[in-house]
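Note sheet for the following structure.
The values are calculated or read from the model by the stated rules, or taken from the named source; none is laboratory data. These figures come from a predicted structure and were not determined experimentally. Here Cβ is always computed from backbone atoms with ideal geometry, including for glycine, and neighbour counts include all displayed protein chains. Side chains are part of the model used for accessible areas, which takes the heavy atoms of the whole protein and leaves out ligands, DNA and RNA. Shrake-Rupley method; radii C 1.70, N 1.55, O 1.52, S 1.80 Å.
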Amino acid sequence: MAQIKQALVPDIGDYSDVPVIELLVQVGDHVSKDQGLATLESDKATMEVPAPFAGIVREIKVKLGDTISEGTVVAMIEADDDVASDASAAKAEPAAAKAESTPPKATETAAKVEPAAKQSSKAPAKAEPATPAASETRSPPVSFDADSVQPDKVPYASPSVRVFARELGVDLAQVKGSERGGRIGKADVQGFVKAALTGAGGAASTGGGGLNLIPWPKVDFAKFGEIERRPLSRINKIAGANLARNWAMIPHVTQFDEADITEMEAFRKRLGEEQKEVKVTPLVFLIKAVVAALQQYPAFNASLDGEELVLKKYFNIGIAVDTPDGLVVPVIRDADQKGLLALSKELAEISVKARDKKLGPAEMSGGCFSISSLGGIGGTAFTPIINAPEVAILGVSKSQTKPVWNGKEFAPRLMLPLSLSYDHRVIDGAAAARFTTFLARALTDLRRLLL
Ligand code: CAO
């Protein structure tokens, strides 16, 4: 009779607490032995956890963003009858039988986890009874790029190829795979980039290629003085690829404005004195005002999808958080349903989580509109880059007391600089000016948020 057994993370060398960046199977999938169950990505390598035996996935025990080590149970698999009952198969695969309780060692598992880059080029140590149907109809993996999670449309490529594509900012959905079963190889990604740079082939259809750019300057910096080379962090690489794509593909315009927040600040200070439970910063007032503005101007709470605009009826606000490893954008969900204190508490929690690298992909997805606040640091204005597929982002700089003409005299008022970048394909200049005007008025007189 078929047995349900544990599929464990095998020996992964010196690695431990490695984040799960992809789940390659779903409950109900049939997997063949050594088929990838999940992809792990450390700072140095990407690796797949292989199924120790063939069978049907009955339960997945990890989720995206979990950090796991050797011995962690990844899934419960109902072993194929022939594996469980066929003595010769069982003998051939001792790891399958032992997996239930013992973390397999490299010698016990047929498939020691290898960095994916190596794995793809390595000839299998032992001939597998090829089951093309199983390997070619494998379940689509879930992409790590939180905003592009489309489990039904994820292209078929190895983790190393996916990482490679991500680093180059290539959308694999646009790349045609030339390997067996339509699998996308590194050469396919390289060919795609080459075609994009020369303005040929699929470039035009992606809308992102055909820029006809001259090559990046190659400079021997050491010739001019002492240098030090530092590898980019994983966050730097992922954020950089996204920022470059968004900057290149979205026609950005930035609208500047100022809000008189004198009364708002007085109220915020009172709130701070009345309760010490949470620190209330200007940012939570901005979140509330932004939600009101999104409700008033729905085109800002939208995404472009081909020739359609997707208007969202929920209000999830992304907050850019600066961490030692780079920029991340956790999302506060249903901000319309939360008060200032609840938002302050959540903001404090996500900032700590972001800085401790504890944010899971789910906490960084589903945003409608982002706010990037540099107000605690300084500056008078900046031009934030839109966090695609959102269509606008609000930059906030440091408030300053300024003399403001009130019709009779100059009065000292605390002014907050606002910088709204928007996608000009979706939003025109007049709408953007209306949006920032609305925002400024709401911040000046918070009673407007009740309207
Ligand atoms: N004007 C003046 N002072 C401001 C302000 C503003 N617009 N916004 C915040 N402050 C003050 C706060 O009140 C706080 O003052 P006190 O300590 O005296 O009370 C201080 O600045 C620090 O605030 P904070 O930064 O800790 O908190 P926040 O809620 O404003 O922001 C967070 C939280 C996570 C968004 C922020 O810490 C952060 O990471 N900002 C950087 C975002 C970023 O890098 N954006 C760039 C993206 S493009 O590369």
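Considering only protein heavy atoms, with the full assembly of protein chains and a 1.4 angstrom probe, order Leu327, Leu450, Leu439 by accessible area, largest first. Mind dumping the intermediate values first?
Values: Leu327 80, Leu450 150, Leu439 0 Å².
My answer, sorted largest first, is Leu450, Leu327, Leu439.
Once you place label points 7 Å from the Cα toward the Cβ at Leu309 and Lys402, how far apart are they in nm?
3.0
Probe 1.4 Å, all protein chains in place: accessible area of His424 in Å², nearest 10?
90
Considering only protein heavy atoms, with the full assembly of protein chains and a 1.4 angstrom probe, order Leu394, Leu449, Leu213 by accessible area, largest first.
Leu213, Leu449, Leu394
Return one whole number: the accessible area per residue of region 253-450 in Å², for a 1.4 Å probe. Before the final figure, lay out each step's value.
Values: 9730 Å² over 198 residues.
Heavy-atom SASA per residue in region 253-450 reads 49 Å².
Computed FRET efficiency, Cβ-Cβ of Lys218 and Thr281, R0 35 Å: what is it to the nearest 0.05?
Values: r = 44 Å, r/R0 = 1.26.
For Lys218 and Thr281, the calculated efficiency is 0.20.
Taking amide hydrogens as modeled 1.01 Å from N in the peptide plane, which residues meet the under 5 Å criterion relative to Gly318, leaving out close sequence neighbours?
Hits under the 5 Å cutoff: Ile332, Cys368, Phe369, Ser370, Ile371.
Just the C-alpha atoms of region 364-430: what Rg/Rh do they give, with Rh taken as the Kirkwood radius?
Numbers: Rg = 15.1 Å, Rh = 13.7 Å.
That ratio is 1.11, to two decimals.
Set the Förster distance to 41 Å, then compute FRET efficiency between Asp428 and Gln337 from the Cβ-Cβ distance, nearest 0.05.
Numbers: r = 30 Å, r/R0 = 0.74.
In this case the efficiency is close to 0.85.
Taking every pair of alpha-carbon atoms in region 1-44, what share in percent sits in each 5 Å bin, from 0 to the bin with the longest distance?
Result, from short to long distances: 5, 15, 28, 23, 15, 9, 4, 1, 0 percent.
Using amide H atoms built in the peptide plane, which far-off residues or other-chain residues are under 5 Å from Leu37 H to H?
Val49, Ala51
What percent does the relative contact order of region 253-450 come to when contacts are Cα pairs within less than 8 Å and at least six residues apart?
Numbers: 367 pairs, mean separation 59.3, N = 198.
Reported relative contact order: 30 percent.
Just to check I understand the Karplus step: with θ = phi - 60° and J = 6.51 cos²θ - 1.76 cosθ + 1.60, what whole-Hz values come out for region 421-428, glycine and proline as x?
3J(HN,Hα) across region 421-428, in whole Hz: 8, 9, 7, 5, 6, 10, 10, 9.
I'd like the per residue volume of the convex hull spanned by the Cα atoms of region 253-450, given in cubic angstrom. Before the final figure, lay out the partial values.
Working: hull volume 25.1 nm³, N = 198.
So the per-residue hull volume is 127 Å³.
Leaving out ligands, DNA and RNA but keeping every protein chain, what accessible area does Glu349 have, in Å² rounded to the nearest 10, with a 1.4 Å probe?
Its heavy atoms expose roughly 100 Å² to the probe.
Read phi for every residue in region 222-236 and hand back ³J(HN,Hα) as whole Hz from Karplus 6.51 cos²θ - 1.76 cosθ + 1.60, θ = phi - 60°, with x for Gly and Pro.
Karplus values, whole Hz, x for Gly and Pro: 4, 5, 9, x, 5, 9, 9, 10, 10, x, 5, 6, 4, 5, 4.
Once the whole set of protein chains is in place, how much accessible area is left on Arg268, using a 1.4 Å probe, in Å² to the nearest 10?
50
If the chain between Glu228 and Lys357 were fully stretched, how many nm would it gain, using 0.36 nm times the residue separation less the Cα-Cα distance? Walk me through the intermediate numbers first.
Working: separation 129, 0.36 × 129 = 46.44 nm, distance 2.56 nm.
Fully extending the segment from Glu228 to Lys357 adds 43.9 nm.
In Å, what Rg and Dmax follow from the Cα atoms of region 322-388?
Here Rg and the maximum Cα pair distance are 12.6, 33 Å.
What is the list of residues in region 289-333 whose amide nitrogen lies under 18 Å from a point 7 angstrom out from the Cα of Ala173, following Cα to Cβ?
302-312
Sorted by accessible area with a 1.4 angstrom probe, largest first, how do Asp220, Asp445 fall? Before the final figure, lay out the partial values.
Details: Asp220 90, Asp445 45 Å².
Greatest to least solvent exposure: Asp220, Asp445.
Skipping prolines and chain starts, which residues have an amide H placed within reach, meaning under 5 Å, of the one on Ala54, given they are 5 or more residues away or on another chain?
For Ala54, the qualifying residues are Lys33, Asp80.
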